[in-house]
Amino acid sequence: AGAATFQNYMFYAVGNEIYVYNVDTKAEGLLTQLDSQISINFMKLEGTELKVGYENAALVGKKGGFMTFDLNTVGGITATETLKKEGFCDKVVDITSKD
């Protein structure tokens with residue numbers, strides 16, 4: 001799936017759940033649900049990769065972290081976790097990839 005595949009979709013979070021909304025069909029659905037102690041505070045779509053910043057209340061000390069998901073359209077939109085790092089900051093406010 002190319003980046004243009006997702007141009008008519010909006011991704012949004014409520015608590016620890018990520019939803020997808022199709023602006024053409026006005027259909028929405030749950031894309032993925034993270035651990036119950038996670039509160040999502042940042043999302044960014046880059047091509048077919050969804051980057052998610054969050055706070056994990058279950059962690060002691062620094063609670064910030066991020067995950068990346070590869071998005072695919074086979075059998076509907078699916079999200080596969082590709083990277084996860086947490087406990088290194090208080091809160092993730094942006095994610096920039098270094099090539």
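The values are calculated or read from the model by the stated rules, or taken from the named source; none is laboratory data. Predicted model only: the values in this text are computed from it and were never measured. Cβ sites come from the backbone with ideal geometry, for glycine too, and all protein chains shown count toward neighbours. Each accessible area value is taken on the protein alone, full model and side chains, heavy atoms only, with ligands, DNA and RNA left out. Shrake-Rupley method; radii C 1.70, N 1.55, O 1.52, S 1.80 Å.
Each 10 Å bin from 0 upward holds the following percent of the Cα-Cα pairs of the chain: 15, 49, 28, 8, 0. Phi angles across the range 34-48 convert, under the Karplus curve 6.51 cos²θ - 1.76 cosθ + 1.60 with θ = phi - 60°, into 3J(HN,Hα) values of 8, 3, 5, 7, 8, 10, 6, 10, 7, 9, 8, 9, 10, x, 10 Hz, Gly and Pro given as x. The residues of the chain expose, per residue, 59 Å² of accessible area to a 1.4 Å probe. Overall, the chain carries a charge dipole of about 200 debye about its Cα centre when +1 sits on the Cβ of Lys and Arg and -1 on the Cβ of Asp and Glu, all other atoms neutral. Other residues lying with their Cβ under 13 Å from the Cβ of residue 86 contribute a combined charge of +1, Lys and Arg counting +1, Asp and Glu -1. I want to verify a result. In a Gaussian network model of the chain, Cα cutoff 10 Å, which of these has the top mean-square fluctuation: 11, 66, 88? Of the options given, 88 has the highest mean-square fluctuation. Summarising the amide proton neighbourhood of residue 91: residues at separation of 5 or more, or on other chains, whose placed amide H is nearer than 5 Å comprise 64.
Shown in residue order for the range 84-97 are the 3J(HN,Hα) couplings computed by the Karplus curve 6.51 cos²θ - 1.76 cosθ + 1.60 at θ = phi - 60°: 8, 9, 8, x, 10, 7, 7, 7, 8, 10, 6, 9, 10, 7 Hz (x for Gly and Pro). Using +1 at the C-beta of Lys and Arg and -1 at the C-beta of Asp and Glu, which of 64, 41, 11 has the Cα lying farthest in the positive direction of the dipole of the chain? My answer, from the dipole projection, is 64. Take the convex hull of the alpha carbons in the range 50-90; its mean projected area over all directions comes to 3.1 nm². Rank 93, 25, 80 by how far each Cα sits towards the positive end of the charge dipole of the range 2-99 (+1 on Lys, Arg Cβ; -1 on Asp, Glu Cβ) and give me just the farthest. Checking the options against the dipole of the range 2-99, the answer is 93. Taking amide hydrogens as placed 1.01 Å from N in the peptide plane, the amide H of residue 31 sits under 5 Å from those of 18, 19, 20, each at least 5 positions away in sequence or on another chain.
Along its first, second and third principal axes, ordered by size, the range 9-55 spans 33, 20, 13 Å in Cα coordinates.
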